[in-house]
Each structure stands twice: as structure tokens, then as C-alpha cells.
């Protein structure tokens with residue numbers, strides 16, 4: 001990205017291409033290929049209800065009188081579609097995870113898994129014949145066709161947008177820091193622009209560094225003080241906002257949390273594998289390994305989340321360099337400086353207090369060394385490097401102890417066996 005951040009460009013480009021067809025995509029009418037099988041929240045439906053609309057190829061070309069089934073979590077229910085191509089289901093049980101299925105002209109259609117809400121309902125769309133021509137198979141009106149040139153744009157109306165099935169979070173590593181990419185895919189499944197009460201906001205972690213908006217994001221998206229802001233109205237189809245930032249690594253485990261401003265249809269995570277690196281949370285049921293430009297990645301997909309819920313990623317087994325040797329070195333440097341001042345200016349120094357401080361430092365280092373060598377040789381290169389750093393610090397502490405004891409008229413320190 002501009003301002004000096006070097007990203008995994010090929011990976012991000014691949015993901016952007018997989019989720020967008022070009023800058024004009026968000027300005028066109030809904031793409032039924034994107035919407036097919038999706039379940040979108042709808043507050044104008046009764047609580048816990050599900051409306052499944054079945055189409056042939058185009059909007060308005062309703063499949064009438066076909067039998068739709070919903071099943072899962074011990075639930076099985078069937079209903080025929082009406083003149084609008086809709087089958088309505090109620091009393092399915094809030095929290096149940098179900099799928100909708102239908103057969104149209106010999107073609108079997110299955111929705112993505114959806115969870116029955118306690119408040120409001122869901123609208124599911126299933127479209128047959130998407131591999132055929134764009135004209136309606138039954139001669140129905142193609143209301144999803146593009147407006148003729150010069151036609152006035154449809155006015156925005158109140159509605160909702162959701163995070164589509166292609167929104168994802170990518171976790172990578174660069175310059176000893178965790179590199180996070182969020183590709184937000186806001187979906188408006190309607191035929192007209194949708195206005196929202198206020199801009200959609202996503203707050204980034206408090207210690208996020210170099211936060212930036214990536215190329216391909218919608219003009220309405222901005223980064224402001226570690227916050228992504230996307231203003232409405234939202235055109236039919238998809239609106240992309242792609243954010244990148246870095247987080248410091250201070251240990252082998254790191255949590256990354258963001259609050260979802262709208263409901264999501266799925267949870268997608270891509271994690272670069274370095275050694276024992278793994279995603280400890282959340283548990284995503286659909287996962288696989290992938291190689292991109294010689295780098296190993298883990299990809300996982302799971303169920304969606306409600307608006308206002310917090311997505312917390314827990315990454316474990318990250319490579320890192322412990323910061324304690326730096327603090328130990330600074331302590332030793334301060335002692336060396338104090339010794340130099342005493343030699344140069346004969347500043348009175350209490351040798352007893354200095355000896356006690358050094359002995360305490362020695363005890364801490366010996367305890368750390370014992371833990372590292374418990375059971376024999378450290379198992380990993382990282383632990384062996386830490387062991388070597390501890391031994392170097394011990395040598396320095398013993399040298400200073402010997403000098404202080406001689407200055408105080410005592411015998412040199414006896415080195416304890418590790």
C-alpha cells in the first residue's frame with residue numbers, strides 16, 4: 001500500500017478478483033449469481049419466519065407451484081410457491097440451522113445454511129437456469145435488466161445491507177508484525193439503492209498501525225482515526241471496502257477483535273501458516289490448506305453472525321522474539337554506566353545494594369535457564385536462542401558481581417551450576 005507498507009499483493013489481488021467484477025459492478029442491477037442461495041435478514045417478516053423465493057434465470061420470472069423444502073436440526077417442512085414464486089415457512093424454531101431445497105425443471109437448488117432468527121425473518125432466493133441464456137425461460141418479465149440509457153436513477157429508500165458470503169479476514173505476517181486484511185462485502189439484494197440511518201462504522205483494534213484503504217474500495221469508504229466509515233446510500237449489488245493494517249507481536253498468541261456493524265452471511269478467515277501458527281478461535285467447520293506463491297495458507301468458513309456481535313480471532317503459535325532480553329541488556333547497561341561513573345568521578349556508591357541487585361538479577365536468570373533446560377535440550381530453535389541469550393546475560397551479571405565483590409573486599413562470586 002502507499003505510505004510504505006509492503007503487502008502480500010498477489011494474494012490480495014487474487015481475493016479482490018474473486019469478490020469483484022469491476023468498478024461498475026456496484027452500479028448494476030443485482031447479479032442473481034451472487035444472490036443465489038443467500039439468506040438475508042428482513043424485519044418486515046414475522047419473527048422466526050422464512051420466505052423462499054424461486055426464480056427461473058431472471059428477476060420476475062417466478063417459478064410458481066414448485067415444492068420447497070426446509071430441513072436441518074430435526075426440522076423438515078415443505079410448502080409450494082405462490083404466484084410471486086414464494087414459499088413461506090413459520091414456526092421452524094429460532095436458532096435452528098437449516099437449508100432450503102427445491103427442484104425446478106429437473107435442476108436441484110440448495111441454499112447456503114441459515115439460522116432462523118428470533119426477531120424478524122429471512123428472505124432466501126433460489127434461481128434456476130443460471131447457466132443458460134439471460135432471457136426468461138417461461139417468458140416472464142426480466143425486471144432485473146439494466147435500465148435503458150437516460151432513464152432516471154431509482155431513488156434510495158430505507159433498507160438493510162449485510163456482509164455477503166465473500167467477506168473475509170486475512171491474517172499474514174510482515175516485518176515481524178501481524179498483518180490484517182479485512183475485505184468487507186456489503187450486499188444490497190434489492191433493485192433500488194438503500195439508505196441507512198447513519199454511516200456504517202467498523203472500529204479497528206486500538207494498537208492498529210498504518211491502517212489504510214486498499215485499491216478497489218468504494219468511493220464512499222474512508223479510514224478515519226482507526227475506524228472504517230462507509231457512507232450510504234448503497235447501490236444494488238455489492239459495495240467493497242478493503243482495509244489493511246498491522247499489529248505488534250509481543251508473544252506467541254494474539255487476539256484480533258472487531259464488532260460487526262451489520263449481519264454477516266458467513267465467517268471467512270485466511271491464515272498464513274508459519275511453523276505452528278494456527279487459528280485457535282473461532283472454530284470454522286469448513287477448512288482446507290492452500291499454497292499461494294510458495295506460501296502455505298489455511299482457509300476456514302463458518303456460519304454468519306448477527307449485527308453487533310464481536311468477531312474475535314485468536315491466533316496461536318506465532319513466531320516472535322521475546323522482549324525480556326532487551327530489558328535485561330538495558331539493566332546491565334545501566335549497571336555498567338554506574339560502574340564507569342564511580343571509576344571516573346569516585347562517586348560514592350553503596351556496594352552492598354549493588355551486589356544485592358545483581359544477585360537478584362542472577363537468581364531471575366538462573367530460574368529462567370532452569371525452566372528452559374528442564375527435560376534436556378530446548379525443543380525449538382526459538383527456545384534455544386532464548387537459552388543462549390540467558391547464558392550471555394548470566395556471564396555479564398557474574399562479571400559485574402566479581403567486580404563489585406572485589407571492590408567491597410569480598411571473595412568473587414561462585415557460579416552456580418545450571
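The values are calculated or read from the model by the stated rules, or taken from the named source; none is laboratory data. Bear in mind that the values here come from a model prediction, so they are computed numbers and not experimental data. Cβ placement follows ideal geometry from the backbone for every residue including glycine, while neighbour counts extend to all protein chains displayed.
Residues in segment 252-273 that are part of a loop (DSSP other than H, G, I, E, B) and farther than 21 Å from residue 230 by Cβ were compared, and the one that is modelled with the lowest pLDDT is 252. The numbered conditions (1) over 16 Å from residue 244 (Cβ atoms); (2) surrounded by 14 or more Cβ atoms within 10 Å (Cβ to Cβ); (3) at pLDDT 90 or above are all true for residue 189 except (3).
Residue 218: more than 27 Å from residue 112 (Cβ to Cβ), in contact with a helix residue (DSSP H, G or I) (Cβ under 9 Å, 6 or more places away or on another chain) and modelled with pLDDT of 90 or more, yes or no? Don't jump to the end; show me each part of the working.
Values: more than 27 Å from residue 112 (Cβ to Cβ): no; in contact with a helix residue (DSSP H, G or I) (Cβ under 9 Å, 6 or more places away or on another chain): yes; modelled with pLDDT of 90 or more: yes.
No.
Tallying residues that are in contact (Cβ under 8 Å) with a residue 12 or more places away in the chain and either surrounded by fewer than 21 Cβ atoms within 10 Å (Cβ to Cβ) or closer than 21 Å to residue 179 by Cβ (or both) within segment 219-231 yields 8.
Only residues that are more than 15 Å from the chain's Cα centre (by Cα) and either in contact (Cβ under 8 Å) with a residue 60 or more places away in the chain or not in a strand (DSSP E or B) (or both) were counted across segment 274-303, and they come to 9. One residue stands out among those in segment 100-141 that are more than 33 Å from the chain's Cα centre (by Cα), crowded, with 16+ Cβ neighbours inside 10 Å and at pLDDT below 85: the one that is nearest to residue 84 (Cα to Cα), which is 140. Here residue 64 meets the list (1) outside any loop (DSSP other than H, G, I, E, B); (2) modelled with pLDDT of 90 or more almost entirely, failing just condition (1).
Take residues that are modelled with pLDDT of 60 or more and over 35 Å from the mean Cα position of the chain (by Cα) and tell me which of the helices (runs of 4 or more DSSP H) falling wholly in segment 304-418 contain 1 or more. Explain how you work it out, then say what you get.
Details: elements: 324-345, 351-372, 381-407.
In segment 304-418, the matching helices (runs of 4 or more DSSP H) lie at 351-372, 381-407.
On inspection, residue 90 fails the criterion of being at pLDDT 50 or above and either within 22 Å of residue 186 (Cα to Cα) or crowded, with 18+ Cβ neighbours inside 10 Å (or both). Assessment of segment 194-215 against the conditions (in contact with a helix residue (DSSP H, G or I) (Cβ under 9 Å, 6 or more places away or on another chain) and closer than 20 Å to residue 269 by Cβ) yields at least one matching residue.
Per-residue answers, yes or no, for (1) assigned to a loop (DSSP other than H, G, I, E, B); (2) at negative phi; (3) in contact with a strand residue (DSSP E or B) (Cβ under 8 Å, 6 or more places away or on another chain):
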| site | (1), (2), (3) |
| --- | --- |
| 58 | yes, yes, no |
| 79 | no, yes, yes |
| 88 | no, yes, yes |
| 91 | yes, no, no |
| 101 | no, yes, yes |
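Among the numbered conditions (1) buried (at least 16 other Cβ atoms within 10 Å of the Cβ); (2) at pLDDT 85 or above, the only one that residue 95 does not meet is (1). Restricting segment 252-273 to residues that are under 25 Å from residue 381 (Cβ atoms) and within 13 Å of the chain's Cα centre (by Cα) leaves a set whose member that is surrounded by the fewest Cβ atoms within 10 Å (Cβ to Cβ) is 254.
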